[in-house]
Amino acid sequence: MSENDTETAEESLTDFAVVLAQHDKGRALVEASRALAECVDAALATGKKGGSVTVKTTVEPLESGAVRLAVNVESKPVREPAQSIWFTDGTGTLSRDNAGMFYGSK
């Protein structure tokens, strides 16, 4: 394959962004955009890196020579786990109330 053949082949490719914009009336592109925004918001809120967006396209050949595409968008934003303070009574029983504050510690 010569250099000119490579350029011709690249020019005839369908832009992936166009496929996302046209697949399922643009819902895949909107879903990917929302997923990216969610990951950016989570990164800014937590100050942590590690969020990701994955766009997976499954291609199934059909007898007619056409292909069926299925697009799945998966978002994994960085999560900050909820935290709360609990108190123990000395035996390992958890309580939201600090009984030691009222009755002295055991």
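Since every read-out is calculated from the coordinates, none of them should be taken as a lab result. For clarity, every value in this text was computed on a predicted model and none was experimentally measured. Reconstructed Cβ throughout: ideal geometry from the backbone, glycine too, with neighbour counts over all protein chains shown.
When peptides 44-51, 88-95 are ranked by their average number of other Cβ atoms within 10 Å per residue, the highest-first order is 44-51, 88-95. If we count every other residue with Cβ under 15 angstrom of Asp41's Cβ, Lys/Arg +1 and Asp/Glu -1, where does the sum land? Here the count lands on +3.
Between Asp24 and Lys76, the contour length at 0.36 nm per residue exceeds the alpha carbon distance by 16.5 nm.
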